[in-house]
1. Is the C-alpha gyration tensor of segment 7-180 telling us rounded, prolate or oblate? Criteria: a/c under 1.5 is rounded; beyond that, a/b larger than b/c is prolate, otherwise oblate.
2. Rounded, prolate or oblate for segment 125-196? Axes are the square roots of the Cα gyration tensor eigenvalues, ordered a ≥ b ≥ c, and the cut-off for rounded is a/c under 1.5.
3. If you scale each eigenvalue of the Cα gyration tensor by 5 and take the root, what three semi-axes come out for segment 161-200, rounded to whole angstrom and sorted largest first?
4. List, in the order given, every pair from Lys78/Lys129; Lys5/Lys87; Lys87/Lys193 whose Cα-Cα distance in the structure shown is over 20 Å.
5. Let me make sure I get this right: for segment 108-261, a, b and c are the square roots of the gyration tensor eigenvalues over alpha carbons, sorted descending. Under 1.5 in a/c it's rounded, otherwise prolate if a/b > b/c, else oblate. Which is it?
6. Could you estimate the translational diffusion coefficient of the chain from the Stokes-Einstein equation, with Rh from the Kirkwood formula over C-alpha pairs, at 37 °C and 0.692 mPa s, in whole µm²/s?
7. Is it possible to state the helix-based mean residue ellipticity at 222 nm for the chain, with each DSSP H run of 4+ residues giving -39500 (n - 2.57), the sum divided by total residues, to the nearest 500 deg cm²/dmol? What is it?
8. Over the Cα atoms of segment 186-245, compute the convex hull volume and normalise it per residue, giving Å³.
Amino acid sequence: MPQRKAKAVLLHSGGLDSCLACEALLRAGVEVVVLRHYSIFYPLREGQGHSPPCETITREISDEMVELVREPRYGLGKNANPCLDCKQMMYGKAWEEAQRQGADFIATGEVLGQRPMSQNVEAFRRMEKGADVRGLVVRPLSGRLLPPTVAEQRGLLSREDMLDFQGRTRKPQMDLAARWGIEDYPTPAGGCKLTDPQFARRVFQVRDMGLLSVDDLRAARSGRFFPLDGRAFALVGRNHQDNLRLLRDAPPDATMLELRDRPGPTACVVGRPSAEDLEAAKRLVVRYSGFRDVPVREVRTGTVAEARAWQLERAEHQGGP
């Protein structure tokens, strides 16, 4: 049995596995501090799922994630996802927080064998070594199947405090959640956009243009995507909500385009467009407006601030937001 009450920093994604890992630690008498990371690729699940009764710290890691996409030490997964590098970086950040908090170890909701690239014994060993946290990562959902951690060796946890889940099925987790009264949790699914094949293609094209930055990739999440001839790309809204997202996420130095005095798509040109690139973007606005007889000169261009002013003018004219 544990000799004293331990303290842990838990990496928490908001999903079922994280919720169960937190509950397992709490039932073992561990004081838990929840650490939630988010980025332009993995947003916070605000208002979704079970909320653990613990202190919660939230931090953005978009800059770090873009650098990992640019230069992944362990390579990329099937798409643009640097899973091993990402988890290793999170281990390091969790241990930094653990030291600030006076915690004894860090913990995750990882399940042995659930993801072939990043959730196997060798991957765990490599990531812990790379983050300089060997033996300091407790995985409550699979702890009985893994080598003893420092927490166990120090008597802060026992094997009986942990579980023996493994593999890709989520049924054991769902059954345990029902027994523990955890009912409100998101459906199991990968939430990182870097695993999406279509978005990954955009990431690679943006990278090849030399435009890999948080601002560039934030904008590239929305709209139809068109690489231009120069070192730039165009995004064309599919509908009103897409138009609003483009206005919200456009980089400060982007060029915005829309039809003058007609409904239609908003377009955003990101990068260093030539005059020819801007003309091509204007043609895209006309093409997707549905007004085939509209001349290109009816497409106006402006800064992001000007485009937001256009949107406000339209809302005032229409009497709505």
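Any read-out appearing in this document is the output of simple, stated calculations on the displayed coordinates, not a laboratory observation. All values derive from a computational prediction rather than experimental measurement.
1. Taking the square roots of the gyration eigenvalues as a ≥ b ≥ c, segment 7-180 is rounded.
2. oblate
3. Semi-axes from the Cα gyration tensor: 27, 13, 8 Å.
4. Violating the 20 Å limit, Cα to Cα: Lys78/Lys129; Lys5/Lys87.
5. Details: a/c = 3.40, a/b = 2.20, b/c = 1.55.
Taking the square roots of the gyration eigenvalues as a ≥ b ≥ c, segment 108-261 is prolate.
6. Numbers: Rh = 22.0 Å.
Diffusion coefficient, whole number: 150 µm²/s.
7. Values: 11 runs with 120 residues, N = 321.
Rounded to the nearest 500, the figure is -11500 deg cm²/dmol.
8. 101
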